[in-house]
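Structure first, then comments.
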Amino acid sequence: MTAERDGWGTAVAIRAPATSANLGPGFDSLGLALELYDDVEVEITGGGLAIEATGEGAEVADRGERHLIVKVLRRAFDVLDGLAATGLGQPPGLRLRCVNRIPHSRGLGSSSAAIVAGIVAARHLHPAGDLLDDAAALRLATEIEGHPDNVAPCISGGLTVAWTGGSGARSVRLDPAFTEVTAFVPDQGLATERARGLLPETVSHGDAAANAGRAALLVAALTQGLGGDVLLDATADRLHQDQRAPAMPESAALVGRLRAAGLPAVISGAGPTVLVFTSASEVDSMTAELGNGWHIHPLNVAPRGARVRHPGSDVRP
């Protein structure tokens, strides 16, 4: 932050990573941060609201107060004001600049990146920002997003196990032994609401038990470097991927082909991106069969979550 205006910081730049949730059997609980980033700059001004956006989602820059990051900033400022009883209310004006690289509506956590970036920016701009630590930020982000599986790794980096208890959302951060993944991103997106609408109200005891066991195995496999058949078995799912397949038949078919070839492939989040726990070189033989409409992204696991971006940062764009 630079000089202050009536107690507010004047400007801050945040870099927030993409995330992949579920990872197969870990529905609404497991998440992974990825080295694909959105950059967000927020400046306190003398009045008004200005939004500039380039890259993904640039077409929604004119939403004004309905822009997701603006809504999150307002919410976070209100929370901080309540915690500290500063009486500052909202800042006189805001200028928001976004450089978006995370594909929208593809299951790579673009909304979570926006939410977390807004919260991190707010706590650096508000004079009472220290009151909103990462645990409180996770609770607030989950209230806004509705579930913690993407916002947890976006805040913490690495591999996270998230859950919601009596005191709200919580998470545990782990260091995965696997640091390379490959994302197959289709041209067409899929609204999370549509994907969730295909899930049944109830599941069988057998399916629930199978997923619980595989999710536990997946945590062990990812943190201990257990590849091969173990990781392939660990990424098997019986609760959501087949149920959502009608909304993303090409993605479901690709997952089936990759898994038949022995590669641990899953639907990333609500889809339709396909994530494979392997380097791009191992799936090169299949790329010629994909045809147009798929974008292949070799990605590393991001060891750190959203943070203030400083000059000379080692974070790759």
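Rounding to the nearest 20 debye, state how big the charge dipole of segment 180-300 is about its Cα centre with +1 on each Lys and Arg Cβ and -1 on each Asp and Glu Cβ.
Value, rounded to 20: 220 debye.
Per residue and in cubic angstrom, what volume does the convex hull of the Cα atoms of segment 180-300 have?
104
Once all Cα-Cα distances of the chain are split into 20 Å bins that start at 0, what whole-number percent is in each one?
Calculated P(r), rounded to whole percents: 34, 54, 12, 0.
What's the long-distance tail for segment 75-234, i.e. % of Cα pairs beyond 29 Å?
31
With +1 on the Cβ of every Lys and Arg and -1 on the Cβ of every Asp and Glu, and nothing else charged, how large is the dipole of the chain about its Cα centre, in debye rounded to the nearest 20?
280
What full-extension length gain, to one decimal in nm, is calculated for Val60 and Glu193 as 0.36 nm per residue of separation minus the Cα-Cα distance?
Residue separation times 0.36 nm, minus the Cα-Cα distance, leaves 46.0 nm.
What distance in nm separates the two pseudo spin-label positions at Ser204 and Ala216, each 7 Å out from Cα along the beta-carbon direction?
Taking the two extended label points, one gets 2.1 nm.
Every number here is computed from the coordinates shown, using simple stated rules; none is lab data. If you're wondering where the values come from, they're calculated on a predicted model, not measured in any experiment. Backbone-built Cβ (ideal geometry, glycine too); neighbour counts: all protein chains shown.
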